[in-house]
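Inspection log for the structure reproduced underneath, given as structure tokens.
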Amino acid sequence: MKKLFLLTLLCVLSTAIFAQAEDGKPAKKVKEKGKKKEIVVEDTLPKVPVIYFKSLEHDYGTIYKKDNGDCTFEFKNTGKADLQLTNVSSSCGCTVPQWPKEPIAPGQTAIIKVTYNTNNVGPINKKVFVDHNAGERVTLSIKGNVVEPPTEITPENKPSPLLRND
């Protein structure tokens, strides 16, 4: 009987201990000072960076050859520690990313600028890979279509049959 009671007590206590901060909310401790009880909230969530992008894709639509191929991807550090981009690369040499090298503080936003070389006519379907200290690699996409610009038609200079050359 004693063993059963002790085993039940052990299960209840271990469940209470492990369940304290499992709901994602800060744990609370009660401190007693004489007759007063003081509740102290301790933030037990890990202090890590979290990267959040407004958009993971940019669509150029249809653009002309040699047009501006720049676009930007805005992101925010929604975590509780500095975010550091360790590398940003592309799937092709025709796509060049530029990114901030300094840490992004919690709550701050920053931009990755991507330049696509629009000298190549055809569909755009490229990837940009973002490596950082907040977890898994993020993949950004750019898409669109590059076409030849329209050619300007100029009329030929022929004498008009209505005019007389006397």
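Since every read-out is calculated from the coordinates, none of them should be taken as a lab result. Remember, it's a predicted structure, so these values are computed and weren't measured experimentally. Every residue, glycine among them, receives a Cβ derived from its backbone with ideal geometry; neighbour counts consider all protein chains shown.
With a cut-off of 17 Å on the backbone N, the residues of the stretch 78-110 near the modelled label site 7 Å out from SER55 along Cα-Cβ are 110. Applied to the stretch 107-121, the Karplus parametrisation 6.51 cos²θ - 1.76 cosθ + 1.60 on θ = phi - 60° returns per-residue 3J(HN,Hα) values of x, 8, 10, 8, 10, 9, 9, 10, 10, 9, 7, 8, 6, 9, 7 Hz, with x for Gly and Pro.
The Cβ shell under 13 Å around ASN119 holds other residues with a net charge of 0, Lys and Arg each +1, Asp and Glu each -1. Inter-label distance, TYR64 to THR78: 4.0 nm, where each label sits 7 Å from its Cα along the C-beta direction. Note on ASN117 and GLU136: the extension gain reaches 4.0 nm, defined as 0.36 nm multiplied by sequence separation minus the Cα-Cα distance. Charge tally for GLU74 (other residues, Cβ to Cβ under 11 Å; Lys, Arg +1; Asp, Glu -1): +3. Other residues whose C-beta falls under 14 angstrom from the C-beta of VAL130 contribute a net charge of +3, scoring Lys and Arg +1 and Asp and Glu -1. Amide H contacts of GLY144 (H built 1.01 Å from N, in plane; Pro and chain starts excluded): TYR60, ILE124 sit under 5 Å, all sequence-distant by 5 or more or on other chains.
The string of couplings for the stretch 66-74 from the Karplus curve (6.51, -1.76, 1.60, θ = phi - 60°) is 6, 6, 5, x, 8, 8, 10, 10, 8 Hz, one whole number per residue in order, with x for Gly and Pro. A simple charge model with +1 on the Cβ of Lys and Arg, -1 on the Cβ of Asp and Glu and nothing else charged puts the dipole of the stretch 51-147 at about 140 debye relative to its Cα centre.
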